[in-house]
Each structure stands twice: as C-alpha cells, then as structure tokens.
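Written below as structure tokens is the structure these notes are about.
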Amino acid sequence: MDFIDPGEERRRHRRVFSLVSEEDIVLFNTNGQSHFVAKLLDLSRGGALIYTTDPSVDVESGGKHKLYFQSRGAMFHLEGTLIRRELQFFAFRFMNITPLDLAEIRSKLARMEILTARMCTGQ
C-alpha cells in the first residue's frame, strides 16, 4: 500500500511533513498499557502518519489509541483510530478532538512549518 498515491488522495486537511527532530517524537499505546516510541512523518488537523522501528508492534486497523506528541519540550495527547498500517507505518485519524486539542494541533503545525522553513533557508 502506497501512502502517497495521488490517485487515492482523500485528505480534507493539508499535511505538514516532519523534517526536524524537535517535533517528531510520538508515543502511542496499543491497549492502554503498552507504549511504543515512534517518529512523526506527517501531521494534519485530521490525523498523523508515524513510523516505529519496533517490528513487534501488534495492532489492528480500526483500534482506538492515545497518541502523545512532543510539543515545546512537553507532550500533549490525542485520541486516534488506526485507519491503515503497512509494516511499521501507522496512519491515524484523530477523534473526539476538543477545542484545546485543535489549538495544540494548530500550534504544532505552525512550529513544524517554521522549523522546516528555517532548515530550508539555512537560518
């Protein structure tokens, strides 16, 4: 399954790719107990694509999970449904988003864009 197939594009929200380590750590749980470390690959207001180096992560599509995102040296969490998995790549759709959650997502997206722009311009 190709995650970037333009013919299959169904996104409602623009996504931002994570290119800097300051914003790319994600923790997610599989059953309310086991937490796994992952790298954020892209983020939008509606969901996230993450990658884990741990091949033993055993989760099924459709399951609900908590995702903990790195943000300015702290963490915030969102609920998400696993909508797609390919090997160690996991695509989540956010659910039960509160106004505070949306503010955290927008703030993180803005920081990611600023950090990426700085990286691209060499600042």
Step through the residues of the stretch 59-66 one at a time and calculate ³J(HN,Hα) from phi using the Karplus curve (6.51 cos²θ - 1.76 cosθ + 1.60, θ = phi - 60°), rounding each to whole Hz and writing x for Gly and Pro. 9, 9, 4, x, x, 9, 9, 9
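Which trypsin sites (Lys or Arg not before Pro) does the stretch 40-123 hold that lie in a coil by DSSP with at most 12 other beta carbons within 10 Å?
Working: sites: Arg45, Lys64, Lys66, Arg72, Arg84, Arg85, Arg93, Arg106, Lys108, Arg111, Arg118; in loops: Arg45, Arg72.
Passing both the DSSP loop test and the Cβ count: Arg72.
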Restricting the calculation to Cα positions, tell me the Rg (one decimal) and the Dmax (whole number) of the stretch 18-101 in Å. 11.8, 35
Could you give the length gained on full extension between Thr81 and Asp101, defined as 0.36 nm per residue of separation minus the Cα-Cα distance, in nm? 5.6 nm
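Read the figures in this text as sums done on the coordinates, not as results from a lab. Given the structure is predicted, the values throughout are model-derived calculations rather than measurements. As a convention, Cβ positions derive from the backbone with ideal geometry for all residues, glycine included, and neighbour counts pool all protein chains shown.
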